[in-house]
Amino acid sequence: SMKQLNFLVASLMLVFVIPTQAQISQGGVPVGQTKSLSLAEVPVKSLSSFDLEAVRAEDEQDEKDGNYPRIGRVRPVNVSPAVFGEWTDLEDGGRLWRAAVKSRDALGLSLQFEEFVLPQGAVLFMYSPDFKHIIGGFTAFNNHESGIFSTQLIPSDEVIIEYFEPESAS
């Protein structure tokens, strides 16, 4: 019916609106890179490997069924400052939280956060371990009432998540 169609269009619009607004970044350089902090101590959350044969079979079936090709697979992972990662107190005030997510042999990783709320003054970056691909900084400007925050694809099988919190932030 028309009503259902309108609802579908509205919900599709939501899906497209949130990520574009969410991805506007302030630029800049991750604090860890500025201060040349080693990544050696940053804990890595490794996702179980994909069965690439199964993935291929699913993709072929999708194609036969006339579905759009999937650009990736969603894997839930529990990474938050409360449960995982490394906190570093900085000499000039504030602190840094870093954690890594790795999916071996992945062509790229895109992260979606739930319950995403950055305090004023805090800055979030994500980058490949070689710093060739850096996205951010993301700030309180990127908070959305849905609590959801999605990133663009980072072309690496490992991504460092870095959160800087100034002393003034709550």
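Just so it is clear, none of the values below were taken in a lab; they were calculated from the coordinates. These numbers come from a predicted model, not from an experiment.
List of remarks:
- A cut-off of 5 Å between modelled amide H atoms, ignoring neighbours fewer than 5 places along the same chain, links S110 with I154.
- Taking one quarter of the surface of the convex hull spanned by the alpha-carbon atoms of the range 98-146 gives a direction-averaged projected area of 4.2 nm².
- Once backbone amide H atoms are built at 1.01 Å from N, L90 has R95, L96 as its partners under 5 Å, excluding neighbours fewer than 5 places away on the same chain.
- Cα-derived Rg over Rh, computed across the range 26-81 with Rh taken as Kirkwood radius: 1.19
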